[in-house]
Amino acid sequence: MSVFDTEGNDATGHEQVVFCQDRQTGLKAIIGIYSTALGPALGGTRFYPYASEATALTDVLNLSRGMAYKNALAGLDLGGGKAVIWGDPAQIKTEGLLRAYGRFVETLNGRYYTACDVGTYVPDMDVIARETRYVTGRSVEHGGAGDSSILTAWGVFQGMRAAAEHTWGRPTLAGRRVGIAGLGKVGKYLAGHLIEDGASLVATDVNEAALSWARTTYPQIDLVADTQTLITGDIDVYAPCALGGALDDDTVPALRAKVVTGGANNQLAHPGIEKLLEERGILYTPDYVVNAGGVIQVADEIEGFNFERAKLRATKIFDTTGQILRLADDEGVPPAVAADRLAERRMAEVGRLRSIYLR
Ligand SMILES: NC(=O)c1ccc[n+]([C@@H]2O[C@H](COP(=O)([O-])OP(=O)(O)OC[C@H]3O[C@@H](n4cnc5c(N)ncnc54)[C@H](O)[C@@H]3O)[C@@H](O)[C@H]2O)c1
């Protein structure tokens, strides 16, 4: 993938891509700023042992573009960015490396805010914050918001309610059977909301501790051996809450659910799967729309965290999902395409306001 775009190719078209190196600590990082049309770019730092510099670059370009769309639809005044640190965190993550990285983030002078992602955690953000103001997702002791999966699950539940209204006429999962794949941080909270709403649940997980949590906390959840059994069973809604790529050429034809809404990132294994879902009459609520509760939480922290305010904003995922589903119907496109269009519209309309000179 190339950084410079001369042909209007949205997959690239980044505003700024910064390569950072500190040979002493072994830091090699790339910060990608896709868009600051709505405000400073926000997106986490992924610390991962990429096979090559090219793979790291491709990942950061894809992820930062994704954040611009996610932040736009979450109603945030924030653009999209992301960073990758190339290397094995188990081998090279040190205070020195994180602080060196923090100094590079500081050089961007607020054009990019970082946060946690795969391979980076809340305590790492506290270390990075010793060198830069532009970091969120911090510990509660440092004014941070703590566990982001609480609002992620709340937002997924709101998206699912909107999908239920669109499909069955009422914004509730009461009387519906929902299949959750992955009872991790997000899946657990989602299960609680669904039970409270009156849904019946079936779930699966590969981790015995997660299953044992379910047996003890919610004995009414039916547990099945694997995702294949879950999706071919009699369910109304499928909620992927484990890893990415849950919807592929094998799972979509086998699905019995009418609705797919879950917390997992990157649920569509490849472009085109959204059309396959549509052909099968399955309503798919785009993952980046319904799982935005986490980013809403870390974004709120920038103002000084207020849980109720952040929850209110995550509740709006109900309205946004409904709007996307109606737009998809009106324009005759899958919801994934409608979501992209809505995000692009907001970036263009609100971003344009900067052209009104203030002082
Ligand atoms: N935590 C957040 O705030 C947040 C925000 C946005 C998106 N997400 C996405 O939501 C998903 C879940 O995140 P999480 O924080 O709950 O992670 P987690 O690691 O706490 O939970 C994932 C769960 O899925 C289970 N799992 C893994 N492979 C499985 C399989 N093949 N079948 C069934 N279960 C399997 C794991 O055992 C684990 O219990 C991820 O894709 C994550 O990127 C999370």
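To the nearest 10 degrees, how steep is helix 53-73 against the longest Cα principal axis of the chain, on a 0 to 90 scale? Here the helix axis deviates by roughly 60 degrees.
Amide H to amide H distances under 5 Å link R46 with A83, V84, I85, where only residues 5 or more positions off or on other chains count and H is placed in the peptide plane.
Using a Förster distance of 41 Å, how high is the FRET efficiency between Q24 and E303, based on the Cβ-Cβ distance and rounded to 0.05? That pair, Q24 with E303, gives E of 0.70. Residues M347, M67, M160, arranged from fewest to most other Cβ atoms within 10 angstrom of their Cβ, appear as M347, M67, M160. Each residue of the range 140-156 was assigned a 3J(HN,Hα) from its phi angle through the Karplus expression (A = 6.51, B = -1.76, C = 1.60, θ = phi - 60°), giving 4, 4, 10, x, x, 9, x, 5, 7, 5, 5, 7, 4, 5, 4, x, 4 Hz with x at Gly and Pro. Size descriptor for the chain, Kirkwood hydrodynamic radius: 20.9 Å (Cα pairs only, one decimal). Between their Cα atoms, which of K93/K311; K82/K311; K70/K188; K93/K185; K188/K275 are more than 28 Å away from each other? As for pairs spanning more than 28 Å Cα to Cα, those are K93/K311; K188/K275. Relative contact order for the range 123-272: 20 percent, from Cα pairs under 8 Å spaced at least 6 residues apart, divided by residue count.
Helix 95-107 and the long axis of the chain differ in direction by around 80°, with both axes built from C-alpha atoms. Among the trypsin sites (Lys or Arg not before Pro) in the range 18-91, those placed in a DSSP loop whose Cβ has at most 16 other Cβ atoms within 10 Å are R23. Which angle from 0 to 90°, rounded to the nearest 10, does the C-alpha axis of helix 208-217 make with the longest principal axis of the chain? Helix 208-217 sits at roughly 60 degrees to that axis. Distance between the pseudo-spin-label points of V206 and R354 (7 Å out from Cα toward the beta carbon): 4.2 nm. In whole Å, what is the distance between the alpha-carbon centres of the range 253-312 and the range 84-124? Centre-to-centre distance over Cα atoms comes out at 26 Å.
Relative contact order, whole percent, for the chain stands at 15, derived from Cα pairs under 8 Å and 6 or more residues apart. For the range 134-213, the relative contact order works out to 26 percent when only alpha carbon pairs closer than 8 Å and six or more residues apart are counted.
Values quoted throughout were computed directly from the atomic coordinates according to the rules given, and no laboratory measurement underlies them. Small disclaimer: the values here were computed from a predicted structure and weren't measured. Reconstructed Cβ throughout: ideal geometry from the backbone, glycine too, with neighbour counts over all protein chains shown.
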